[in-house]
1. Can you tell me how much longer the chain between Ile325 and Gln363 gets when fully stretched, taken as 0.36 nm per residue apart minus their C-alpha distance, in nm with one decimal?
2. What percent does the relative contact order of the chain come to when contacts are Cα pairs within less than 8 Å and at least six residues apart?
3. Summing +1 for each Lys or Arg and -1 for each Asp or Glu, what net charge is found among the other residues whose Cβ lies under 15 Å from the Cβ of Glu304?
4. So for His131, His198, His87, His180, fewest C-beta neighbours within 10 Å to most, what's the order?
5. For the pairs Lys237/Lys259; Lys130/Lys296; Lys81/Lys105; Lys81/Lys371; Lys201/Lys240, flag any whose C-alpha to C-alpha distance is greater than 23 Å.
6. Cut-off 10 angstrom, C-alpha nodes, Gaussian network model of the chain. Which of Ile333, Ile137, Ile314 fluctuates the most?
7. For every helix of n ≥ 4 consecutive DSSP H residues, a contribution of -39,500 (n - 2.57) applies; sum these over the chain, divide by its total residues, and give [θ] at 222 nm rounded to the nearest 500 deg cm²/dmol.
8. Taking the number of other C-beta atoms within 10 Å as the exposure measure, put Trp300, Trp92 in order starting with the fewest.
Amino acid sequence: MKVIHLIHSIAEQASGPSYSIRRLCESLIENKQEVILATLDWDVMTETPGFLKEFPLTLGRRRPGLSSSMRLWLTKQAEMKKVDLFHSHSLWMMPNIYPGNIARKNNIPYIISPRGTFAEYAMASGSKIKHVFWPLIQRPAVNAANCFHATAMSEFEDIRRLRFSQPIAIIPNGIDMPQHKETTLGNTRTLLFLGRIHLEKGVDNLLRAWQVVSRGFPEWQLKIVGPDSGGYLSKMKALKEKLRLKRIEFVGALYGEKKIEAYRNAELFVLPSPSENFGISVAEALSVGIPVIVTKGTPWRNLESLGAGWWIDIGVDPLVACLEIALSKPRDILKAMGIRGREWIRIEFSWTEVTRKMIETYQWILRGGSKPDWIFE
């Protein structure tokens with residue numbers, strides 16, 4: 001199959017889609033599919049994969065990502081039948097508008113991965129321009145989709161809440177399993193947050209919860225790892241000073257083996273986001289073998305039934321209550337929880353399994369036949 005994937009950028013290393021979309025394309029290619037990932041060239045990348053095709057912005061405008069060269073290239077690919085299927089990731093940028101319009105005009109099958117953009121929190125936040133952009137430009141392009149891809153049941157529910165009736169394939173993001181490595185931990189125990197420092201990640205709630213619980217657990221420290229997003233880091237550092245927090249460190253962004261080491265040196269991971277369509281850092285933490293605390297704004301309901309972590313209500317008070325339980329756990333209990341989480345990730349979130357399901361989804365869209373079990377109509 002010849003598949004063109006589209007997203008505005010994969011340059012931000014700390015972004016979940018930058019990892020998951022790139023790895024999906026790589027895995028599809030490893031499985032003998034012809035893949036091009038079309039993006040805009042607005043950010044410098046340290047490494048450019050061979051399947052990436054970048055397009056310049058028209059008049060240099062970053063919003064809404066206008067690119068006449070991308071639109072013309074996609075049109076030519078469709079008219080000359082050089083593409084079997086378009087697969088668009090995320091919303092709100094012109095690279096997510098062009099394929100819908102072009103697919104409809106040229107009878108090219110089209111699948112959309114919203115990547116969290118349909119969540120109630122995401123739909124309600126952001127620029128007021130959304131209220132005009134959605135009915136006039138974005139929704140008509142989305143209507144052209146033959147199928148949606150949701151990474152979890154929560155995203156399936158978001159799609160249906162917006163009254164889209166197309167089939168939905170529920171396929172999680174894949175994760176690369178790091179080599180298991182025993183780490184000698186010292187007397188200080190580490191609670192880790194890893195992700196973009198942004199309002200939508202719930203870092204403010206984490207700091208307020210830490211103010212309440214930290215005095216009762218002097219052996220624990222809080223490490224906040226991740227890049228600044230939109231100037232939010234300075235606000236969180238100011239909140240730290242205002243709350244007079246102790247044993248807390250803002251580390252900055254970590255990548256590659258340094259990021260894996262940050263997970264290995266922690267005993268507990270926390271991501272108190274009000275909304276996540278997946279949360280790649282949660283999967284990364286579990287793959288290393290540490291239990292996690294996440295909110296019910298994330299699709300990790302099975303954590304508690306599997307004994308690999310906690311799935312709690314959104315807000316400071318539920319986080320305080322959970323931290324008081326989790327921080328009091330002995331190391332051997334947390335280690336056992338981490339082992340269960342790692343095994344779960346190994347079985348259900350391997351790229352081999354994710355890619356097999358995605359290829360069969362593409363084949364079903366293109367050729368029909370028996371519907372795969374993970375596709376719901």
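1. 9.0 nm
2. Reported relative contact order: 15 percent.
3. Numbers: positive: Lys296, Arg301, Lys329, Arg340; negative: Asp313.
Surrounding charge for Glu304 is +3.
4. If I rank by nearby Cβ atoms, fewest first, I get His131, His180, His198, His87.
5. The answer is Lys130/Lys296; Lys81/Lys371.
6. Ile333
7. Details: 15 runs with 151 residues, N = 377.
Rounded to the nearest 500, it is -12000 deg cm²/dmol.
8. Lowest count first: Trp92, Trp300.
Each value in this text was obtained by applying a stated rule to the coordinates, not by laboratory testing. As the structure is a prediction and not an experimental result, all values here were calculated from the model. A quick note on method: Cβ atoms are made from the backbone with ideal geometry, for glycine too, and the neighbour counts reach across all protein chains shown.
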